[in-house]
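Reading through the C-alpha cells given below for one structure.
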Amino acid sequence: MPPEKRRAAIVAAAVPLVCDHGAAVTTREIAEAAGIAEGTIFRVFPDKDAVIEAVVTCVLDPAPYTAELRRIDPFGSLEDVLTQAVDAMRRRLESVWQIMWMLRMSGPPGNSEDTSRFAPSSRPDMTEATQTMAALLEPHGDQLRLEPTEAARMFRLVTFSSAHPAITDGQTLSTRQIVDLLMHGISGQKTVSPAKHSAPDSIADQPGTADSADRADRSVHAQPVGAE
C-alpha cells in the first residue's frame with residue numbers, strides 16, 4: 001500500500017480511539033484497529049504524537065462536511081434541506097468537540113493561548129462550506145428574508161451555538177428545534193419594528209465596548225469543548 005494511503009488508513013482507524021481515549025491511546029490499540037502490525041505505524045509516522053496530530057487535522061478538516069452538503073438535493077423543501085444540513089453540521093461538531101475535550105484544548109483552533117501540544121496553529125477555512133450551503137439555499141430565495149450567502153452564515157452561527165454544550169448550558173437543541181428556529185425564529189411576528197429595535201445590533205457596536213465583546217467571545221471559546 002502506498003505510504004499516503006497507509007497513513008490515511010491509520011488515521012481513519014485512530015480517529016474514534018483518540019475521541020474516546022485522547023492522548024492515552026496506545027499505538028498497539030491503533031494498530032489493532034487498523035488491522036496492521038504495530039511497527040507498520042512507524043514506517044509512515046515518526047511517533048504516536050504525529051498520529052494524533054494527523055487525527056486532529058482530519059477531524060477539523062471541513063471537506064467531509066462540505067461533501068455531505070453537496071449530496072443534499074437543493075430542490076427538496078427548505079425544511080428538508082435545512083434538516084439534512086443541520087444533521088451534517090452536528091456530526092462534524094460532535095467529533096470536533098469530543099476530540100478537543102479529550103486532548104484538553106482550551107479554545108478554538110488557532111488560539112495562541114492554548115496549552116495543549118496538539119492544538120492546531122490555525123482555524124479551518126469554512127469558506128467553501130459556507131458557499132456550498134448558500135448554493136443549497138438559492139432555489140429557496142423566495143422563502144428567505146436574507147440573501148443566500150447571508151442566510152448560510154446565519155445557518156452556521158445558529159447551528160453552531162444551538163448545538164454547543166457550553167453555550168447552551170448543556171441543553172443542546174435537537175435538529176428539529178434548530179430547523180424550527182432557523183425557519184420561524186422565536187417571534188410570532190413576521191417582521192421586527194425598527195422603532196422597537198433601536199438598540200445596537202451587538203455589544204461590539206456600542207462605543208467603548210469592543211474590547212469587552214472580544215473578551216466575552218474568548219471566554220465562551222475558553223470552554224474545552226468549544227470550536228468549530
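The values are calculated or read from the model by the stated rules, or taken from the named source; none is laboratory data. Values in this document were obtained by computation on a predicted structure and should not be read as measured data. FYI the Cβ positions are ideal-geometry reconstructions off the backbone, even for glycines, and counts take in every protein chain you see.
For the reader, a short list of remarks on this structure follows.
- Only one entry of 165, 139, 148 meets the criterion of being in the same structural domain as residue 68 (by TED's automatic domain parsing), farther than 27 Å from residue 78 by Cβ and modelled with pLDDT of 50 or more, and that entry is 165.
- Scope region 90-119; condition of a type in the set (D, E, K, R), at pLDDT 70 or above and either under 11 Å from the mean Cα position of the chain (by Cα) or over 19 Å from residue 50 (Cα atoms) (or both); matching residues: 90, 91, 92, 94
- Residue 173 vs. criteria over 12 Å from the mean Cα position of the chain (by Cα) and touching a residue at least 24 places away in the same chain (Cβ under 8 Å): no
- Cβ pairs under 7 Å, 6+ apart, first in region 87-100 and free of Cβ contacts under 8 Å to residues at least 24 places away in the same chain, second of a type in the set (Asp, Glu): 88/68
- Within region 57-84, residues that are free of Cβ contacts under 8 Å to residues at least 40 places away in the same chain and more than 22 Å from residue 184 (Cβ to Cβ) have Cβ atoms under 8 Å from residues that are in a helix (DSSP H, G or I) and hydrophobic (A, V, I, L, M, F, W, C) in these pairs: 68/88; 73/81, counting only partners at least 6 apart in sequence or on another chain.
- Selected residue [buried (at least 18 other Cβ atoms within 10 Å of the Cβ), touching a Cys at 6+ places or on another chain (Cβ under 9 Å) and within 22 Å of residue 123 (Cα to Cα)] from 59, 18, 51, 86: 59
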